[in-house]
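Step one of this worksheet: look at the structure below.
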Amino acid sequence: MANLDGDDCCQICGEHRDSKIISHGFYASPLAQDEDLTEVQESIKGLKVANSSTAIGFDERMLLHAEVEKKSVPHPERPDRLRAIAASLARAGIFPGKCYSVPAREITPEELITVHSLDHIESVEVTTESISSYFTSDTYANQHSALAARLAAGLCADLASAIVSGRAKNGFALVRPPGHHAGVRHAMGFCLHNNAAVAALAAQAAGARKVLILDWDVHHGNGTQEIFEQNKSVLYISLHRHEGGKFYPGTGAAEEVGSMGAEGYCVNIPWSRGGVGDNDYNFAFQHVVLPIASKFNPDFTIVSAGFDAARGDPLGCCDVTPSGYAHMTHMLNALSGGKLLVILEGGYNLRSISSSATAVIKVLLGESPGCELENSFPSKAGLQTVLEVLKIQMNFWPSLGPIYVNLESQWRMYCFENKRKQIKKRRRLLVPMWRWGRKRFLFHFLNGHLNVKSE
C-alpha cells in the first residue's frame, strides 16, 4: 500500500492502510476494522477446471519494477496493482485453479526490433546499470525494470501464439510495466515496451492474417497507433478521454484515421469529458466498434485493457463498472472465433482494477456477463462523440452510413423536443403578468415563485 507520512489511507486510491486488499483482493472489506471477507460468488465456485482453456501470463519478477525515489505522492503505477488482482483471482479460485499458467519467457531483441527501434531497445536495457532512472518525468526505471519489461512482452507474445495455434482458447496477460504509450522510439506514460504490438506481430507470425487491437484504457494508446497507423492488417480502435487534446497524452482525435493507404484502420472514439460510464461505452460498441470490427473480420483480437476508466480511478475519473467491462469482453468474444487476448495496461485504484479484471476473466472462462445493457441510452456528450466518429469513419466503412443517418435523425428529434420544452417553459414564466394581476405577479416575482403554474 502506498501510504506516506502516517496517512491512514492510500494517497492514490483511498484504500485504508490496514486493508487486506493485497492478500484477499477486492473481496476484502474496505473497512480496516472489519475482519469479515465478502463471500465468493457461487457461480465462480461452480466452474470446472477440466473445461478451462483460459491461459494466464504472470511472473512475480515483474513486481520488482518499482520507483526507487520517494516522493510526496507515490507513483500510481506500482507493484500492488498486480498483487491486488492476483489476490482477487486466488480468493475466487480462478488462478490458480480455473486457469492455467503460461511459462514466463523474456522477449528477445530480434522480436523487439520488429516493433521498436534499436535505440529504444538499448535505452531500456541500459537502465539495468542504474539504481534509479527516468525516461520522462513520470516514467521511471530501476535496475529490474528492463527484465520486467522483457518478461511482460515475452508473456504477451507467447499467449498470442498459444491462442492462435489453438493451444489455448483465450488468455489474460497479468503484466507490467504497461505498454500502449511506448512508441517506435520512445518510452513514456509508464510504458517501456509495447506489449500489445508485440502480441499482434506474434499472432501474425503464428498464422493470424488480420488482428484487431481494441484499447479501452482511458488514455489514448499513442504508441500502438504510431506503430500500426500505416498497416492495414492491424485495425486499431481506441475509446479514451480526449477533451480536445487536453487530456493525456493529447493524441487520438477522431480525425486521426491512419495514413499511407491505411486510412480507416485507425478508429478513435474521443470522449469530450470525464464521468463516461457503461451506457456510453456500450453505445459506442454497438454503433461503431462492432460494425467496423465485424466488417474487418479479424483472425485474432487483442484488448489493451486499462482499467483506469473504472469507477473510482484517481487518474481516469470515469464511471465504467466491472459489469461494463464484462459486457465489452463478452461482445468482443464473438469476434475472431473467440480467439481473444486481454492485456493489462493502466488502472490505479486497487479495488477497481482487481474487481474489473476478475469480471473480465470470468467472461473468458465462459460465465455470463450479467444483465443486458442493449437498451442503455448514452449521455448527450457520448452521442455527439459517436456521431462525430461515424461521420468520419463512414468514408472508409460505408456500412456505417445508415447507422449515422438513423442516429442523426434521432439527435435532431431530441434537439427539437428539447427546444420545444424550453419555449414552453419560457411561456409559463411570461403568462402570470397579465393573468394574475400586478400585485400577485409582484409577490411571486419577489419570492422566486414564477415557475408556479397559472390556473
With the structure loaded, tell me whether V276 is touching a Phe, Trp or Tyr at 6+ places or on another chain (Cβ under 9 Å) and of a type in the set (V, I, T) or whether it fails that test.
no
Of V184, V175, which residue is in a loop (DSSP other than H, G, I, E, B), open to solvent by 10 Å² or more (accessible area, probe 1.4 Å) and in contact (Cβ under 8 Å) with a residue 12 or more places away in the chain?
V184
Would you please name the residue that is surrounded by the most Cβ atoms within 10 Å (Cβ to Cβ), looking only at residues in the stretch 262-287 that are polar (S, T, N, Q) and over 18 Å from S304 (Cβ atoms)?
N282
Can you find, within the stretch 122-134, the residue that is farthest from G347 (Cα to Cα) among those that are outside any helix (DSSP H, G or I) and in contact (Cβ under 8 Å) with a residue 60 or more places away in the chain?
I131
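Tally up the residues in the stretch 225-252 that are assigned to a loop (DSSP other than H, G, I, E, B), touching a strand residue (DSSP E or B) at 6+ places or on another chain (Cβ under 6 Å) and open to solvent by 10 Å² or more (accessible area, probe 1.4 Å), please.
3
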Just the residues that are among the charged types (D, E, K, R) and within 14 Å of the chain's Cα centre (by Cα), please, taken from the stretch 216-247.
D217, R241
Here the residues within the stretch 199-219 that are open to solvent by less than 10 Å² (accessible area, probe 1.4 Å) and more than 18 Å from I361 (Cβ to Cβ) are A200, A203, A208, V211, L212, I213, D215, V218
In the list F300, F296, which residue meets the criterion of being at pLDDT 95 or above, in contact with a strand residue (DSSP E or B) (Cβ under 7 Å, 6 or more places away or on another chain), of a type in the set (A, V, I, L, M, F, W, C) and under 25 Å from I403 (Cβ atoms)?
F296
In the list L400, L390, L365, which residue meets the criterion of being in contact with a strand residue (DSSP E or B) (Cβ under 6 Å, 6 or more places away or on another chain) and of a type in the set (A, V, I, L, M, F, W, C)?
L365
Within the stretch 302-319, can you find the residues that are touching a helix residue (DSSP H, G or I) at 6+ places or on another chain (Cβ under 6 Å) and surrounded by 24 or more Cβ atoms within 10 Å (Cβ to Cβ)?
I302, S304, F307, A310, D313
Does the stretch 206-247 hold any residues that are farther than 26 Å from A334 by Cβ and either touching an Asp or Glu at 6+ places or on another chain (Cβ under 9 Å) or acidic (D, E) (or both), and which are they?
H219, E226, E229, E243
Condition test on N222, is it under 14 Å from H180 (Cα atoms) and open to solvent by 10 Å² or more (accessible area, probe 1.4 Å)?
yes
The stretch 395-410 residues that are over 11 Å from P291 (Cβ atoms), paired with ones that are outside any helix (DSSP H, G or I) (beta carbon under 7 Å, 6 or more apart)
F396/V257; F396/E263; F396/G264
Restricting to the stretch 371-385, and then to whatever is surrounded by fewer than 24 Cβ atoms within 10 Å (Cβ to Cβ) and not in a loop (DSSP other than H, G, I, E, B), can you tell me which residue is nearest to the chain's Cα centre (by Cα)?
G382
Residues of the stretch 67-93 being of a type in the set (V, I, T) and either over 15 Å from I353 (Cβ atoms) or in contact with a Gly (Cβ under 6 Å, 6 or more places away or on another chain) (or both), which ones?
V68, V73
May I ask you to verify whether L151 is touching a residue at least 12 places away in the same chain (Cβ under 8 Å), surrounded by 24 or more Cβ atoms within 10 Å (Cβ to Cβ) and touching an Asp or Glu at 6+ places or on another chain (Cβ under 7 Å)?
yes
Matching residues, the stretch 318-370, being assigned to a loop (DSSP other than H, G, I, E, B), of a type outside the set (D, E) and under 27 Å from H193 (Cβ atoms)
N333, L335, K339, G346, G347, Y348, N349
Which one of these does L63 not meet: (1) modelled with pLDDT under 65; (2) aliphatic (A, V, I, L, M); (3) open to solvent by less than 40 Å² (accessible area, probe 1.4 Å)?
(1)
Could you tell me whether any residue of the stretch 185-207 is touching a Ser or Thr at 6+ places or on another chain (Cβ under 7 Å) and of a type in the set (F, W, Y)?
yes
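The rows are residues; the columns are (1) aromatic (F, W, Y); (2) part of a helix (DSSP H, G or I); (3) in contact (Cβ under 8 Å) with a residue 60 or more places away in the chain.
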{"position": "H75", "(1), (2), (3)": "no, no, yes"}
{"position": "L82", "(1), (2), (3)": "no, yes, yes"}
{"position": "I85", "(1), (2), (3)": "no, yes, yes"}
{"position": "G97", "(1), (2), (3)": "no, no, no"}
{"position": "E106", "(1), (2), (3)": "no, no, no"}
{"position": "E110", "(1), (2), (3)": "no, yes, no"}
{"position": "H120", "(1), (2), (3)": "no, yes, yes"}
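Looking at the structure I just gave you, is I423 at pLDDT below 95, in a helix (DSSP H, G or I) and either hydrophobic (A, V, I, L, M, F, W, C) or in contact with a Cys (Cβ under 7 Å, 6 or more places away or on another chain) (or both)?
Criteria met by I423.
Quick check on my filter: what residues within the stretch 323-332 are open to solvent by less than 50 Å² (accessible area, probe 1.4 Å) and not polar (S, T, N, Q)?
If the condition is that a residue be open to solvent by less than 50 Å² (accessible area, probe 1.4 Å) and not polar (S, T, N, Q), then G324, Y325, A326, H327, M328, M331, L332 are the ones that fit.
The values are calculated or read from the model by the stated rules, or taken from the named source; none is laboratory data. Given the structure is predicted, the values throughout are model-derived calculations rather than measurements. So basically every Cβ, Gly included, is an ideal-geometry build from the backbone, and we count neighbours across all protein chains shown. Side chains are part of the model used for accessible areas, which takes the heavy atoms of the whole protein and leaves out ligands, DNA and RNA. Shrake-Rupley method; radii C 1.70, N 1.55, O 1.52, S 1.80 Å.
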